[in-house]
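Visitor: My questions all concern the structure below.
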Amino acid sequence: MADVLPPLPVPGPDNLEFWEGCARHELRIQRCAKCRAARFYPRPACPDCGALAHEWIRCSGRATVFTWTVVHPPTLPAFAAIAPYVAGIVQLEEGPFMVGQIRGVASDAVRAGLPVRVEFDDVGEGLALPHWRAA
């Protein structure tokens, strides 16, 4: 990570379990207790059926690249030292999509369907940020 930290999340009631999982280097998402649909980002109600009951599940950490872009300077100061870098949307094996940095592959070698796995950067006391690495 760069010397300047990126904007850091503020865990709240809907996403606390997600961030606590990240701190343990576990990728966790919600699953509806009624229709069983997995979802990310964390929220009170299921976007598929509207049910309020849910559980948290530990994901495999495997995903595939759905789309991506290469971020070039100028950018936020926290990202200047790593630019250019690849930011992308990946689809988890469990179904939901997540956004994050894609590492371990040249920017011109990233492609849709590229297998990736989650990794975590420890950025502070009890806080870790997920990113993706080519599998």
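The values are calculated or read from the model by the stated rules, or taken from the named source; none is laboratory data. This one's a predicted model, so the numbers in the text were calculated from it and none came from an experiment. As a convention, Cβ positions derive from the backbone with ideal geometry for all residues, glycine included, and neighbour counts pool all protein chains shown. Calculation scope for accessible area: heavy atoms of the full protein, side chains included, ligands and nucleic acids excluded. Shrake-Rupley method; radii C 1.70, N 1.55, O 1.52, S 1.80 Å.
Visitor: Give me a count of the residues in the range 106-115 that are surrounded by fewer than 18 Cβ atoms within 10 Å (Cβ to Cβ) and part of a loop (DSSP other than H, G, I, E, B).
Guide: 4
Visitor: Then there is this: Going through the range 16-69 one residue at a time, which ones are among the aromatic types (Phe, Trp, Tyr), over 25 Å from GLU125 (Cβ atoms) and surrounded by fewer than 16 Cβ atoms within 10 Å (Cβ to Cβ)?
Guide: Correct list: PHE66 only.
Visitor: Is it the case that the range 46-56 has a residue that's over 17 Å from ARG117 (Cα atoms), in contact with a helix residue (DSSP H, G or I) (Cβ under 8 Å, 6 or more places away or on another chain) and modelled with pLDDT of 95 or more?
Guide: Checked the range 46-56: at least one residue is over 17 Å from ARG117 (Cα atoms), in contact with a helix residue (DSSP H, G or I) (Cβ under 8 Å, 6 or more places away or on another chain) and modelled with pLDDT of 95 or more.
Visitor: ASP108 - would you say it is over 24 Å from SER60 (Cα atoms) and either touching a strand residue (DSSP E or B) at 6+ places or on another chain (Cβ under 9 Å) or at pLDDT below 95 (or both)? Lay out the reasoning, then the answer.
Guide: Values: over 24 Å from SER60 (Cα atoms): yes; either touching a strand residue (DSSP E or B) at 6+ places or on another chain (Cβ under 9 Å) or at pLDDT below 95 (or both): yes.
Yes, satisfied.
Visitor: Can you name the number of the only condition in (1) open to solvent by 60 Å² or more (accessible area, probe 1.4 Å); (2) without any contact (Cβ under 8 Å) to a residue 12 or more places away in the chain that LEU76 fails?
Guide: Result: LEU76 fails condition (2) only.
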